[in-house]
Amino acid sequence: MPAEIKAETLETLFTCYKNSQLKLRWPSVFTLPFWMQSWWQVFGYEYELFVHTVYKDGRLLGIAPLMLKDGEARLIGSPDVCDYLDFITSPDKRDEEEFFDILLPYLKESGVENLILNAQRPDAAVFRGFFASERFPSPKAHFIREDQSYELTLASSWEDYLAALTKKQRHEVRRKLRRLQNEKENWNFRILEKAAEVEAFIPDFFELFKENSEKENFLTDQMQQYFQTLISAGVKDNHARFGLLDIDGITAAAVLYFDYRDRIYLYNSGFKFAYRDLSAGLLSKVLCIKESITTGHKAFDFLKGQEVYKSRLGGNPIPIYTVTIPIS
């Protein structure tokens, strides 16, 4: 049976995702159908949807969740709000190589001039199945460093996590926690994960978000609509969570994160400036790490951005690339 490419919709992606027999690799929370659909609903109006499944000998090699504009094909999403983008592929290396062998000629036949892939981790499908292939078809294809994320492999216990930090880092974490404990008897860190309580907290999260002037400028009406759509869809899919640091009965800081396959994705955060001297913003992240260790998660992903706290809390840098593949 020859190679076959089928046009799909965002709705059929949900069917593929729920079909465990397909054994596809959905590498991060940003590649899940709920995330792509949320992004598309708010930002997709500028593009033409171009989602396809790729088959060889009746075997599904992968899914290309692409969108088109001005002769360019891109993965659905944007690097400002989607930290990692990728194809959904078979875990077999040969299948991934054949996936690109079949996809690229099809893109050319469809009038695509360039395939531009933002937000690519070093373990993205394009590096495994395209650049690593002996059949590498385009010497003009290249990648440049776009950004950097930070991730932490979680220890099996809180004490082991602290022990893995440098002496200075460990001292700072303990000092800030001790100050909170000494100055405020009434505090706790709690998780919101039920749909009703997560959705009810969204307006409060926006208010915390806006206390930071830089984040307030980022939170346009369109971006607020996106966050609302994403969080609502994410909690219904059992991935979105809020972690709240309450002090004296007031939510002093909150983290928005996504839970997927033993990995925590720290997506965004906010805190009340009245609790800045207590390092409420930083401690909400520290306590989220502690909670993640307690619940048995394997990794804590701080995601993209150069904030110093990420490395100070043990995060290791991961380069993020933009890959450009000329098609015609």
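The values are calculated or read from the model by the stated rules, or taken from the named source; none is laboratory data. Since this is a predicted model, take the numbers as computed values, not measurements. Note: ideal-geometry Cβ built from the backbone for every residue, glycine included; neighbour counts use all protein chains shown.
Can you tell me how many residues within region 222-259 are more than 29 Å from residue 46 (Cα to Cα) and out of contact with any Ser or Thr (no Cβ under 7 Å at 6 or more places or on another chain)?
Adding up the residues that qualify gives 11.
Within region 244-318, which strands (runs of 3 or more DSSP E) (wholly inside it) include 2 or more residues that are out of contact with any strand residue (DSSP E or B) (no Cβ under 9 Å at 6 or more places or on another chain) and touching a residue at least 12 places away in the same chain (Cβ under 8 Å)? Please lay out each step first, then the result.
Working: elements: 250-260, 263-271, 299-304.
By residue number, 250-260.
Taking the condition modelled with pLDDT under 95, in the same structural domain as residue 11 (by TED's automatic domain parsing) and out of contact with any Pro (no Cβ under 7 Å at 6 or more places or on another chain), does residue 101 pass?
Numbers: modelled with pLDDT under 95: yes; in the same structural domain as residue 11 (by TED's automatic domain parsing): yes; out of contact with any Pro (no Cβ under 7 Å at 6 or more places or on another chain): yes.
When the stated conditions are applied, residue 101 passes them.
Specify which of the listed residues (185, 151) is under 17 Å from residue 316 (Cβ atoms) and not basic (Lys, Arg).
Details: 185 fails: under 17 Å from residue 316 (Cβ atoms).
Among 185, 151, only 151 is under 17 Å from residue 316 (Cβ atoms) and not basic (Lys, Arg).
Hey, could you check region 211-240 for residues that are over 17 Å from residue 81 (Cα atoms) and assigned to a helix (DSSP H, G or I) and say which is nearest to the chain's Cα centre (by Cα)? First the steps, then the outcome.
So in region 211-240, the residues over 17 Å from residue 81 (Cα atoms) come out as 211-213, 235-238.
Narrowing further to those that are assigned to a helix (DSSP H, G or I): 213, 235-236.
Values: 213: 24, 235: 15, 236: 17 Å.
Top of the filtered list is 235.
Could you grab me the full set of residues in region 117-134 that are among the hydrophobic types (A, V, I, L, M, F, W, C) and either part of a loop (DSSP other than H, G, I, E, B) or touching a Leu at 6+ places or on another chain (Cβ under 9 Å) (or both)?
Of the residues in region 117-134, the ones among the hydrophobic types (A, V, I, L, M, F, W, C) are 117, 119, 124-127, 130-132.
Passing the criteria: 117, 119, 124, 126, 130, 132.
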| task | Would you confirm whether any residue within region 142-149 is more than 23 Å from the chain's Cα centre (by Cα), at pLDDT below 95 and surrounded by fewer than 19 Cβ atoms within 10 Å (Cβ to Cβ)? | result | yes
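Hey, could you check region 231-240 for residues that are surrounded by fewer than 23 Cβ atoms within 10 Å (Cβ to Cβ) and touching a strand residue (DSSP E or B) at 6+ places or on another chain (Cβ under 9 Å) and say which is farthest from residue 215 (Cα to Cα)?
Keep residues of region 231-240 that are surrounded by fewer than 23 Cβ atoms within 10 Å (Cβ to Cβ), which gives 232-233, 236-239.
Filter again for touching a strand residue (DSSP E or B) at 6+ places or on another chain (Cβ under 9 Å), leaving 232-233, 238-239.
Numbers: 232: 20, 233: 22, 238: 26, 239: 23 Å.
Among those residues, the one meeting the criterion is 238.
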Residue hits (region 1-54; under 19 Å from residue 110 (Cβ atoms) and of a type in the set (Lys, Arg)) are 6
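For region 282-320, what are the residues that are touching a helix residue (DSSP H, G or I) at 6+ places or on another chain (Cβ under 8 Å) and not hydrophobic (A, V, I, L, M, F, W, C)?
Result: 285, 290, 294, 309, 312, 314, 317.
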Note on residue 174: of the conditions (1) out of contact with any Lys or Arg (no Cβ under 8 Å at 6 or more places or on another chain); (2) part of a helix (DSSP H, G or I); (3) in contact (Cβ under 8 Å) with a residue 24 or more places away in the chain, unmet is (3)
With the condition kept exactly as written, say whether any residue in region 145-155 is closer than 15 Å to residue 326 by Cα and not aliphatic (A, V, I, L, M).
no
Within region 24-82, the residues that are among the aliphatic types (A, V, I, L, M), buried (at least 18 other Cβ atoms within 10 Å of the Cβ) and out of contact with any Ser or Thr (no Cβ under 7 Å at 6 or more places or on another chain) are 29, 32, 36, 54, 64, 66, 67, 73, 75, 76, 81
If you go through region 97-110 one residue at a time, do you hit one that is closer than 25 Å to residue 266 by Cβ, in contact (Cβ under 8 Å) with a residue 60 or more places away in the chain and buried (at least 21 other Cβ atoms within 10 Å of the Cβ)? no
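Is it fair to say residue 292 is under 24 Å from residue 146 (Cβ atoms) and within 19 Å of the chain's Cα centre (by Cα)? So that I can check it myself, show each step before the final result.
Details: under 24 Å from residue 146 (Cβ atoms): no; within 19 Å of the chain's Cα centre (by Cα): yes.
So residue 292 fails the test.
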With the first residue restricted to region 182-199 and required to be more than 14 Å from residue 239 (Cβ to Cβ) and touching a residue at least 60 places away in the same chain (Cβ under 8 Å), and the second required to be of a type outside the set (Gly, Ala, Ser) and exposed (fewer than 11 other Cβ atoms within 10 Å of the Cβ), Cβ contacts under 6 Å at 6 or more apart or on different chains are 186/248
